[in-house]
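Every number here is computed from the coordinates shown, using simple stated rules; none is lab data. This is a predicted model, so every value here is computed, not measured. With ideal geometry, Cβ positions are generated from the backbone for all residues, glycine too; neighbour counts draw on all protein chains shown.
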Ligand code: ASP
């Protein structure tokens, strides 16, 4: 029976490689990309972002496109950002000796002027405009690499709720049955009405994962401008070690607590298919980078990384015989829900309970939340403590090894850091501690030293 869905296990030794904006910012970078692609015949699917920044004060093409769109939609002068976009692509085409993307650029100008004239039939929606960056760049790069351009707009579809439609996998697979090289623009697809729709910003990472799953790739390489993830934030810890291998689960925990390299949603299409993601540096292709895998040998108990965030408040509630009162926790959470506040952690004692909330959620609602908690719970004491920072120490090996917590708390004690909150999830891959914000950096350094210091 023909299957609607492609096989999700690895079909081949093929590699999908996605290159980010800085890896494709100009002709010099694109030549590095070409060398990387040519260095390994398995690299047959190339997903591209729009040109990114060439230096820190430069502008990303996607930002310029959105500026153009906003100006045109308000009938304001958009000639300057439009010129910068045109010049950038022309320059790249000239430097690479390929044909300019003249016709698609002219089409964009036409649609922008229709937008500025309030023509309801203009194609230039915000997403259409934002997606031009990847579209133009994929045309240029396909030409330069002598590869087949794969129209994402015809393959990647969104369902009525705006989520990726699984038909996208089959659509992509059908388009790429040959043995040649394919270039796929990242970041966009089409909605049910046939309009261009983008993923969230940074979403070319997601396209890469979708393509990897569609073709059953052996690995999804995500090429960027850093050599993978680091074990701690380099703004806090000096020269933290790189992470060689991390599981999808560990990465989720680290990302949730502030570590960032990949777009969050990237992991799912790849992890559901068990495809490893390899983060690599276009500017240092021989660096090993970080490999994100389904399982790793973590029996040595090593932790994989430390991540943290500031900006939390503790709501502390105390009431005698709380443990005998049915529904106490539910009432607390209902009050928060009724004020539209989501919670991060709920460590509890016998007659006390704390709820940790992010300040951005709590600010402006604090008075109402506390008033309702007092009314509904009739507590003996209710107080808030801020500002709090949370630090996650993450590693699959924790579940197998005695003493990880002991080492962590001994390190904090020696550093003179007062621990305000402790939470270890049932998954046992993460210990979270809460400390006063002004002790945050000292605490992260102490934990890093305890586990990684030599
Ligand atoms: N170009 C898009 C952005 O800047 C998508 C991407 O690069 O992943 O957000």
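Worth a mention:
- Against the chain, whose longest principal axis comes from its Cα atoms, helix 102-116 is set at around 60 degrees.
- Nearest 10 degrees, 0 to 90: helix 404-414 Cα axis against the chain principal axis: 70
- Region 26-102 versus region 314-348: alpha-carbon centroid distance in Å: 51
- Percentage relative contact order, region 240-350, counting C-alpha pairs under 8 Å, at least six apart: 29
- If you plug the beta carbon distance of residue 42 and residue 126 into 1/(1 + (r/R0)^6) with R0 = 51 Å, you get a FRET efficiency near 0.85.
- Placing pseudo-labels 7 Å out from each Cα toward the beta carbon at residue 170 and residue 374 gives an inter-label distance of 6.1 nm.
- For residue 318 and residue 384, the FRET efficiency from 1/(1 + (r/R0)^6), where r spans their Cβ atoms and R0 equals 22 Å, is about 0.95.
- Cα gyration tensor, region 102-184 - rounded (a/c under 1.5), prolate or oblate: oblate
- Label zone at residue 438, where the point sits 7 Å out along the Cα-to-Cβ direction: region 213-252 residues whose backbone N lies under 20 Å: 236
- Antiparallel content of DSSP bridges confined to the chain, in %, to 5: 60
- Relative contact order [Cα under 8 Å, 6+ residues apart], region 346-448, whole percent: 28
- Euclidean distance of C-alpha centroids, region 134-156 and region 224-300, integer Å: 28
- Whether region 281-438 is rounded, prolate or oblate, judged on the alpha carbon gyration tensor where a/c under 1.5 counts as rounded: prolate
- In terms of other Cβ atoms within 10 Å, 69, 223 run from fewest to most in the order 69, 223.
- Counted over region 210-332, the DSSP beta bridges are approximately 35% antiparallel.
- Shape category assigned to region 407-454 from the gyration tensor of Cα positions, a/c cut at 1.5: oblate
- Estimated distance in nm for a label pair at residue 330 and residue 70, the labels positioned 7 Å out from Cα along Cα-to-Cβ: 4.6
- Cα-projected label distance for residue 87 with residue 177, points at 7 Å along beta-carbon direction, nm: 4.7
- Between 0 and 90 degrees, the angle of helix 440-452 with respect to the longest Cα principal axis of the chain falls at about 80 degrees.
- Compared with the alpha-carbon gap, the fully stretched path from residue 114 to residue 346 is longer by 78.2 nm at 0.36 nm per residue.
- Average Cα contact separation per residue, the chain, under 8 Å, 6 or more apart, as relative contact order %: 14
- Cβ-to-Cβ counts within 10 Å put 80, 265 in ascending order as 80, 265, the fewest first.
- Of the residues 152, 423, the one with the fewest other Cβ atoms within 10 Å heads the list, and the complete ranking is 423, 152.
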